[in-house]
Amino acid sequence: MSTKDNTKEEEHLNNEAESQVEENQEIEATEPTAEELLQTEKDKYLRLFAEFENYKKRTTRERIELFKTAGQELMTSLLPVMDDFDRGLAEIKKAKDKELLKGMQLINDKLRKTLEQKGLTLMNVKAGDVFNADIHEAITQIPAPSDKLKGKVIDCVESGYTLGDKIIRFPKVVIGQ
């Protein structure tokens with residue numbers, strides 16, 4: 001063997017040794033350390049814990065909302081009955097039968113108090129209130145009797161009700177134009 005061949009072979013062996021050292025360094029550089037693995041697992045744990053806490057809060061909020069509005073369907077179906085009761089009381093007042101009026105008024109008050117205990121609240125709308133499309137339902141517009149009443153409620157045709165914080169029937173109003 002010549003020295004040339006020996007030199008080439010040595011260079012070749014040196015190159016292989018260097019490339020193996022580089023590969024080992026690359027492998028060591030790409031392999032995560034125990035601290036990095038621990039940090040990654042901690043991060044996963046914290047994210048999962050936060051997600052679970054958000055889930056618990058959301059379900060608690062939904063459960064509370066469900067309890068608040070559990071009777072909404074029943075309440076909504078009773079609203080026309082209450083409207084009829086109010087119209088009936090107005091007619092009985094015209095007849096001037098005091099005993100009948102007193103009895104009907106007691107029944108009306110008891111019904112309203114029972115529904116109020118379950119969370120039903122009458123929305124107070126008066127003539128002259130500012131019209132708000134978020135809480136009123138305009139059924140018609142009429143020429144305003146005065147400039148002060150333009151864009152304001154002239155009359156409330158049908159009462160509105162809330163159940164908890166949710167409006168279950170919007171008050172139907174007439175507004176001035």
Confirm whether Asp109 is more than 25 Å from the chain's Cα centre (by Cα) and either over 22 Å from Leu78 (Cβ atoms) or of a type in the set (Gly, Ala, Ser) (or both).
no
Screening Asp165, Asp147 for residues that are of a type in the set (D, E, K, R) and under 30 Å from Glu62 (Cα atoms) leaves only Asp165
Here the residues within segment 126-177 that are modelled with pLDDT of 90 or more, of a type outside the set (A, V, I, L, M, F, W, C), assigned to a strand (DSSP E or B) and closer than 23 Å to Leu79 by Cα are Glu137, Thr140, Asp155, Glu158, Gly160, Tyr161, Thr162, Arg169, Lys172
Pairs returned, first residue in segment 66-77 that is modelled with pLDDT under 85, second residue that is part of a loop (DSSP other than H, G, I, E, B) and among the small types (Gly, Ala, Ser), beta-carbon separation under 7 angstrom, 6 or more apart or interchain, are Lys68/Gly119; Lys68/Gly164; Thr69/Gly164
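Conditions tested, residue by residue: (1) assigned to a helix (DSSP H, G or I); (2) closer than 20 Å to Arg169 by Cβ; (3) modelled with pLDDT of 90 or more; (4) not acidic (Asp, Glu).
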site	(1), (2), (3), (4)
Lys8	yes, no, no, yes
His12	yes, no, no, yes
Val21	yes, no, no, yes
Leu46	yes, no, yes, yes
Thr60	yes, no, yes, yes
Asp84	yes, yes, yes, no
Gln105	yes, no, yes, yes
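Could you please find all residues in segment 82-97 being hydrophobic (A, V, I, L, M, F, W, C), out of contact with any Lys or Arg (no Cβ under 8 Å at 6 or more places or on another chain) and surrounded by 10 or more Cβ atoms within 10 Å (Cβ to Cβ)? Don't jump to the end; show me each part of the working.
Of segment 82-97, the ones hydrophobic (A, V, I, L, M, F, W, C) are 82, 85, 89-90, 92, 95.
Filter again for out of contact with any Lys or Arg (no Cβ under 8 Å at 6 or more places or on another chain), leaving 85, 89-90, 92, 95.
Within segment 82-97, Phe85, Leu89, Ile92 qualify.
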Within segment 107-125, residues under 21 Å from Cys156 (Cβ atoms) and either part of a loop (DSSP other than H, G, I, E, B) or small (Gly, Ala, Ser) (or both) come out as Asn124, Val125
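The values are calculated or read from the model by the stated rules, or taken from the named source; none is laboratory data. Predicted model, so just to flag it, every value in this text is computed and none were measured. Cβ atoms come from the backbone with ideal geometry, glycine included; neighbour counts cover every protein chain shown.
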